[in-house]
Structures are given as C-alpha cells and as structure tokens.
Amino acid sequence: MKILHSILVFTFLFSSLFIFNSPVLAKQINAQDKLVIAHRGASGYLPEHSIAAKAMAHAMNADYIEQDVVMSKDNQLLILHDHYLDRVTNVATVFPNRKRQDDRYYAIDFTLTEIRTLKMTEGFSVDESGQQKAGFPERFPLWKSTFAVHTLAEEIELIQGLNKSTGKNIGIYVEIKSPAFHLHEGKDISKAVLKELKRYGYDNTNDKVFVQSFDAIDLQRIKQKLLPELNIQVKLVQLIAMTDWQETLIYNKNTTTAYDYDWMLTPEGMQKIATYADGVGPWKPMLVDTTSKPVKSNGLLQAAHKAGLVVHPYTFRADSGRIPEYAQDFDDLLKIFYFDIGVDGVFTDFPDKAVQFLQKAQGNK
C-alpha cells in the first residue's frame, strides 16, 4: 500500500506540471463560494445523526446537512452512519439475542417499531472487559439526555420546516450506505432513497441536494438507470475510500471482496468519474503532498476540477489530537484546504467553526 501511495503521489506531482498552469482552472478564490457541510449534523457537540445535532447544525448556518441512510427490516429509511445499531444504541441490552454471527446488530434485522424502543448516544466501542469507551471522549457524554434513531422523512421535514421558519435555504447531503449490502439482502436502498427525495421535492439539479455513495457500481446504476426511470436529476458525488477499509464489498455467491478504489486516484480516474458524477468526496489526506513544506496539493484536486468535478473532502475535526501535524490549528487546517489546496467544500463535525472561518476570510478581502 505504501509503494502504491508513493506511485500515486508521483503521478499527481508529474501531472501537476501542466494542470496547475492550465488556464481552464484559473478562477478567483472567493470565501462565499466555499461550502460548509455539517458531517452527521453538528456532531462535535451532540450525538451524531441525532435530530438535535441536525437542528444545531441548521442554527449554525451550515450550507448542507449530511444524512447517512440505511434500511430497516420493514423498508424504512433510517439515519445511521453504519448499517449496525450497536455502536450508537443500547440494542445489545434490549435485544441481546438478535446479533448475527459476527456479533453485530444489523439495522436491517429490526423493524422501525423495534428500533424506536432503543436509546441512542455518542459513538462508542466496547473493550475486552465489557466497558464502553466513547470514540470522542471530549464530546457529549455517553447516555446523557434522550436521543433516538429517526427516519430520513423526519429529518427532511425538520430541515424543510426550519428553512421555512427561519427563511434560510439549507440543503441536504444524502449518503446511501452500503447499497451492495442492501441489494444482497434483497433491498434496493438507492431506489427507495431517490423516491423519498422526489416525494419531498428534490428532483432537479438546481435543488439543494447532493446524493453521495462509496459504491461506484451503484452510483453508475443510479445515473444510468434509476434517475431516468424516476424522471429526476440530482447531483451525484463519488466518495473515495482506501481499498483496505473495505468500505464497499462485492458479493460473489458466498464470498466477498473489497472494491478497489485505487483507479480513482489518477487524472484518468477523475475523467471516468465525471461521466457519472458531479463531484468527489475524497479522504482529505488523498489531496495533499505532506513531503512538501509547507504542505501543498498533490494534483488530485486540479485533476478533479479539470474534469468538471467539485471536491468535498472529509472529515475536518477540531478535537484534541485530530488536527494533522502540518496545520497549526483548526483554522489553519481550513485555510490550507479551502484556499491553498482549493477545495469547494468540507465535511466537518464543527460547522460553526468553518462558517466563522469563512465569514472572517470574506471580511478580510
């Protein structure tokens, strides 16, 4: 993997010799053009994907609020980051005998009525002694207050309702989680999500909605089949992961293999993605050459822009120990990506900090 990474970095640095100087890419950098995408809501302050975190993100004036969507046993669209329930709920206590052979509790094995009986909290893991450990110890404490899993429809109605009552126009940024897994389980989550978006009036590329997925095969199916079938058009974003994360699995009878993302990390890959998507969402280290002091673009962003794609990397966190060594602080990290690298938007757990940074940057012009 390290050898492959070095090859890719060299490819981008070589490509940048002509990409950086391309007149096609020349454009004025304006803070007003940059997007703040609330990652799982204002998840730096409240449990991820809680309805409270979404309301807080709206109040913080994020441009878009993200929804990760999975499916229940009775075909309800749930807002959860994982297609498991055990990382953010008390499902192991309430339904101790409902786990699969891998010891995980899958949302797809529970009805919405059953899921509504669960309490939700900050993301946690369980150590060998059975003790729960918060993923972000500085954030909202585990099991305090009352939170619950909600549906995509409920969240859309919240955001649209807040838009009406506040006069804002904050968008939604929907991620279809693990469509290959859902298809393997007999459920077409992508079609269900698109139908729900159409029901709530998101059916045009001018609407404030993005639909993203890590699954390139399914994203192409959405572009080529589902959108024409449903007679809608929405902006699509290809999320990019490291292959060894096994973010997308390919099912072949009784075996699975990890989808290979490495092809995306080239200028040719960006051109191919542009045939079915409007943007890319790379992991932020994929965009930088950290061997350079100061850090600079490795050329991937310029290749994406040349292909006509917007670039929205993930995830920008201000927690202790979460800021890369090449950045002095969170504001410096935002400056590097928004203005030095030139991304079009960022996914952040702290939307207020990104909004304030861009307001200050605009005010200094």
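Counting only alpha carbon atoms, the long axis of helix 189-199 and the longest principal axis of the chain meet at about 80°.
At most 15 other Cβ atoms within 10 Å and a DSSP loop assignment: could you name the trypsin sites (Lys or Arg not before Pro) in the range 252-310 that fit? Walk me through the intermediate numbers first.
Working: sites: K253, K272, K296, K306; in loops: K253.
Listed in order of number, the matching sites are K253.
What you get for the range 240-302, charging only the Cβ of Lys and Arg (+1) and of Asp and Glu (-1), is a dipole of about 140 debye around the Cα centre.
Segment S129..T290, full-extension length gain: 54.1 nm, with 0.36 nm per residue of separation and the alpha-carbon distance subtracted. The magnitude of the dipole of the chain, with charges of +1 and -1 set on the Cβ of Lys/Arg and Asp/Glu and taken from the Cα centre, is near 540 debye.
Computed over the range 203-339, the convex hull of the alpha-carbon atoms projects to a mean area of 10.3 nm².
Sorted from longest to shortest, the spans of the Cα atoms of the range 141-295 along the three principal axes equal 47, 46, 39 Å. Among the trypsin sites (Lys or Arg not before Pro) in the range 102-134, those located in a DSSP loop and surrounded by at most 15 other Cβ atoms within 10 Å of their own Cβ are R116. Computed from Cα atoms alone, the Kirkwood hydrodynamic radius reported for the chain is 21.3 Å.
For A52 and T113, compute 0.36 nm times the residue count separating them, minus their Cα-Cα distance, and round to one decimal in nm. Mind dumping the intermediate values first?
Details: separation 61, 0.36 × 61 = 21.96 nm, distance 2.06 nm.
19.9 nm is the gain from fully extending A52 to T113.
Cα extents for the range 62-186 along the principal axes, largest to smallest and rounded to whole angstrom: 50, 39, 23.
Ligands, DNA and RNA aside, E154 has an accessible area near 70 Å² when probed at 1.4 Å. Sorted on the mean count of surrounding Cβ atoms within 10 Å across their residues, most packed first, peptides 162-168, 186-192 read 186-192, 162-168.
Please work out whether the range 233-297 counts as rounded, prolate or oblate from its C-alpha gyration tensor, where a ≥ b ≥ c are the square roots of the eigenvalues and a/c under 1.5 means rounded, while otherwise a/b larger than b/c means prolate and anything else oblate? Taking the square roots of the gyration eigenvalues as a ≥ b ≥ c, the range 233-297 is oblate.
With the simple model of a label 7 Å out from the Cα in the direction of the Cβ, D340 to E185 spans 4.2 nm.
Mind checking the dipole of the range 194-332: about its Cα centre, +1 per Lys or Arg Cβ, -1 per Asp or Glu Cβ, Debye to the nearest 20? Before the final figure, lay out the partial values.
Details: 16 positive and 18 negative charges, 96 e Å.
Dipole about the Cα centre, nearest 20: 460 debye.
Tally Lys/Arg at +1 and Asp/Glu at -1 over every other residue whose Cβ is under 15 Å from the Cβ of I232; what's the total?
Values: positive: K191, K195, K198, R199, K208, R221, K223, K225, K235; negative: E196, D203, D207, E229, D278.
So the surrounding residues net to +4.
With an 8 Å Cα cut-off and a minimum separation of 6 or more residues, compute the relative contact order for the range 60-146 in percent. Relative contact order here is 24 percent.
Rounded, prolate or oblate for the range 120-188? Axes are the square roots of the Cα gyration tensor eigenvalues, ordered a ≥ b ≥ c, and the cut-off for rounded is a/c under 1.5.
Judged from the Cα gyration tensor, the range 120-188 comes out oblate (a/c at least 1.5, b/c at or above a/b).
Projecting the Cα atoms of L300, L249, L265 onto the dipole axis of the range 241-301, where Lys and Arg carry +1 and Asp and Glu carry -1 at the beta carbon, places L300 farthest toward the positive end.
The residues neighbouring K293, those whose beta-carbon lies less than 15 Å from its own, together hold a net charge of -3 under the Lys/Arg +1, Asp/Glu -1 convention.
For the chain, what % of the accessible area comes from carbon and sulfur atoms, probe 1.4 Å? Accessible surface attributable to carbon and sulfur in the chain totals 51 percent.
The values are calculated or read from the model by the stated rules, or taken from the named source; none is laboratory data. Everything numeric here is computed off the predicted structure, so don't read it as measured data. Every residue, glycine as well, gets a Cβ built from its backbone with ideal geometry; the counts of neighbours run over all protein chains shown. Please note that ligands, DNA and RNA were not included when accessible areas were found on the heavy atoms of the full protein model with its side chains. Shrake-Rupley method; radii C 1.70, N 1.55, O 1.52, S 1.80 Å.
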